[in-house]
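Quick notes on the structure that follows.
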Amino acid sequence: MATDSATRDAALPFHLRGNFAPIAQEKTAFDLSVRGALPEALHGLYVRNGPNPKSGESQHWFLGDGMLHGVELRGGRAAWYRNRWVRTRSFVDDAEPIGPDGTRDLTAGRANTHVVAHAGRILALVETSFPVEVTRDLDTLGCFDFDGRLTTGMTAHPKLCPRTGELHFFAYSFAPPFLTYHCADASGKLVRSDVIDVPGPTMIHDFAITDRHVVFMDLPVVFDLEMAMAGTMPYRWSDQYGARIGVMPRGGSSAEVRWIEIAPCYVFHPLNAYEDERGTIVFDVVRYPELWRKGFSGPPGVLHRWRLDLMAGRAHEEPLDDRAIEFPRFDERRLGSAHRYGYAVHTKFGNEFGIGTSLIKYDVQSGASTTHDFGADRMPSEPVFVPASASAREDEGWVLSYVYDATRDGSDLAILDAVDFARDPVATIALPQRVPFGFHGSWIPDAR
Ligand SMILES: [Fe+2]
């Protein structure tokens with residue numbers, strides 16, 4: 001029987017096998033067992049989103065129903081673990097964000113990509129749709145459209161400005177307008193929505209802000225109507241579209257965007273962007289030489305640095321490493337200003353996407369890096385940095401990551417000392433079930 005099961009498993013696409021496969025249950029557990037000593041300063045909720053199709057299968061890794069996995073840390077103990085599907089209209093009554101005739105329903109969507117906190121709300125996000133608000137206990141409250149002001153979807157990668165408290169974000173669409181920029185003020189009120197002119201409908205997963213600019217990426221993964229009609233992920237690589245980065249002053253408009261041509265590539269995720277003392281925009285990204293020419297096969301993403309010279313209208317690019325990575329994170333108190341450190345998952349990228357056994361910490365100032373290898377059959381998820389205190393220096397804090405252990409088919413929440421990154425975890429919290437590989441999450445302190 002084991003052979004039958006292994007054969008069946010091998011025939012499945014990667015996103016339905018092993019620890020990419022969805023789980024069937026929602027669980028709640030209190031006072032989890034902790035190996036090591038949980039830092040008392042960690043007082044809040046770590047929550048991460050990811051696709052977990054309720055039917056047990058989906059056409060594409062990106063298309064499963066969102067499921068949140070959260071652990072509440074309190075006073076040196078792990079108070080609870082919960083996993084909950086986000087009860088979107090797609091989950092509850094199979095509503096589709098795009099109808100058979102191409103009409104869009106922004107209240108439908110899988111809400112499977114990220115979960116962020118802003119202005120007292122916790123929002124589960126997917127880039128096709130309105131945010132879905134959830135409680136700290138991960139119960140779904142419903143769509144949040146900024147009191148009716150939002151008329152597009154919302155990227156899963158909004159940027160919280162640490163100086164102003166503003167939430168900058170955008171939406172892209174297969175139908176005009178292809179790109180719309182939005183900004184909500186610190187109270188959560190949507191105060192700007194501006195169409196940004198781009199040549200065509202590309203997949204724009206993420207962007208960046210600096211202290212003075214908003215930075216868009218218009219890259220050659222384009223909408224394909226035939227693929228959409230076939231009901232699969234409707235974006236593919238284009239050899240014709242070209243690639244450009246758009247830099248808009250904060251508070252500016254589409255007419256003020258400086259577009260700078262770059263070599264074709266794809267970027268899901270920047271690490272951070274900032275302006276150096278000469279006004280050059282330094283933009284660190286995980287860059288793929290191409291994407292989705294044929295499924296998930298292809299060359300991996302590695303850490304690259306773009307330097308954008310706005311006066312000359314030119315970009316200079318250089319690799320900062322040659323290892324395959326994804327899910328880059330950093331100390332987000334530095335968002336938009338110069339960063340020194342970043343953390344990412346070491347990936348395996350060949351015929352299909354895979355997760356390695358280590359996290360990599362980069363020091364982009366010295367060029368050094370440190371690896372934390374969890375050991376054979378132990379695979380981490382996105383590393384989320386939590387500062388030790390509001391006044392702690394960059395890198396002084398912890399890195400949180402769900403780690404899957406294939407030998408026992410279970411998961412832990414590992415907490416690493418960000419400064420002493422290679423050392424054994426400070427604490428390891430055993431979870432009552434495995435946490436499938438997912439996408440992005442946040443640390444939400446009690447005060448937010
Ligand atoms: Fe993402």
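Please tell me if Arg393 is surrounded by fewer than 22 Cβ atoms within 10 Å (Cβ to Cβ) and either within 16 Å of the ligand (Cβ to nearest atom) or at pLDDT 95 or above (or both).
yes
On the given criteria, is Val221 within 16 Å of the ligand (Cβ to nearest atom) and not polar (S, T, N, Q)?
When the stated conditions are applied, Val221 passes them.
Enumerate the pairs (first residue in region 104-120 and in contact (Cβ under 8 Å) with a residue 12 or more places away in the chain and open to solvent by 10 Å² or more (accessible area, probe 1.4 Å); second residue anywhere and among the basic types (Lys, Arg) and within 16 Å of the ligand (Cβ to nearest atom)) with beta-carbon separation below 9 Å, excluding pairs fewer than 6 apart on the same chain, so at least 6 apart or on different chains.
Once the first residue is in contact (Cβ under 8 Å) with a residue 12 or more places away in the chain and open to solvent by 10 Å² or more (accessible area, probe 1.4 Å) and sits in region 104-120, its partners that are among the basic types (Lys, Arg) and within 16 Å of the ligand (Cβ to nearest atom) give His114/Arg48.
For region 407-448, which residues satisfy the criterion of being within 16 Å of the ligand (Cβ to nearest atom), of a type in the set (Phe, Trp, Tyr) and over 13 Å from Arg378 (Cα atoms)?
Phe439
Pull up region 154-202, narrow it to residues that are in contact with a helix residue (DSSP H, G or I) (Cβ under 7 Å, 6 or more places away or on another chain) and β-branched (Val, Ile, Thr), then point me to the one that is surrounded by the most Cβ atoms within 10 Å (Cβ to Cβ).
Only one residue tops the list, namely Ile196.
Would you kindly identify the strands (runs of 3 or more DSSP E) lying entirely within region 230-282 that contain at least 1 residues that are within 16 Å of the ligand (Cβ to nearest atom)?
235-237, 266-275
When you check Glu326 against the structure, is it part of a loop (DSSP other than H, G, I, E, B), touching an Asp or Glu at 6+ places or on another chain (Cβ under 9 Å) and under 23 Å from Val282 (Cβ atoms), yes or no?
In short, no.
Condition check ((1) under 20 Å from the mean Cα position of the chain (by Cα); (2) free of Cβ contacts under 8 Å to residues at least 12 places away in the same chain; (3) open to solvent by less than 10 Å² (accessible area, probe 1.4 Å); (4) under 20 Å from Thr347 (Cα atoms)) across all residues:
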site: Asp373; (1), (2), (3), (4): no, no, no, yes
site: Asp377; (1), (2), (3), (4): no, no, no, yes
site: Pro383; (1), (2), (3), (4): yes, no, yes, yes
site: Gly397; (1), (2), (3), (4): no, no, yes, no
site: Ala406; (1), (2), (3), (4): no, no, no, yes
site: Phe421; (1), (2), (3), (4): no, no, yes, yes
site: Ala427; (1), (2), (3), (4): no, no, yes, no
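Among the residues of region 83-95, how many are open to solvent by 10 Å² or more (accessible area, probe 1.4 Å), assigned to a strand (DSSP E or B) and touching a Lys or Arg at 6+ places or on another chain (Cβ under 7 Å)?
Of the residues in region 83-95, 1 are open to solvent by 10 Å² or more (accessible area, probe 1.4 Å), assigned to a strand (DSSP E or B) and touching a Lys or Arg at 6+ places or on another chain (Cβ under 7 Å).
Need at least 2 residues that are within 16 Å of the ligand (Cβ to nearest atom) and out of contact with any Gly (no Cβ under 9 Å at 6 or more places or on another chain) per element, so show me which strands (runs of 3 or more DSSP E) inside region 96-190 make the cut, counting only ones lying wholly within it.
Of the strands (runs of 3 or more DSSP E) lying wholly inside region 96-190, those with at least 2 residues that are within 16 Å of the ligand (Cβ to nearest atom) and out of contact with any Gly (no Cβ under 9 Å at 6 or more places or on another chain) span 167-172.
The values are calculated or read from the model by the stated rules, or taken from the named source; none is laboratory data. Predicted model only: the values in this text are computed from it and were never measured. Quick reminder, even Gly has a Cβ in these numbers, built from the backbone with ideal geometry, and neighbours come from all protein chains shown. Ligands, DNA and RNA are stripped out before the accessible areas are found, and what is left, the full protein with its side chains, is counted by its heavy atoms. Shrake-Rupley method; radii C 1.70, N 1.55, O 1.52, S 1.80 Å.
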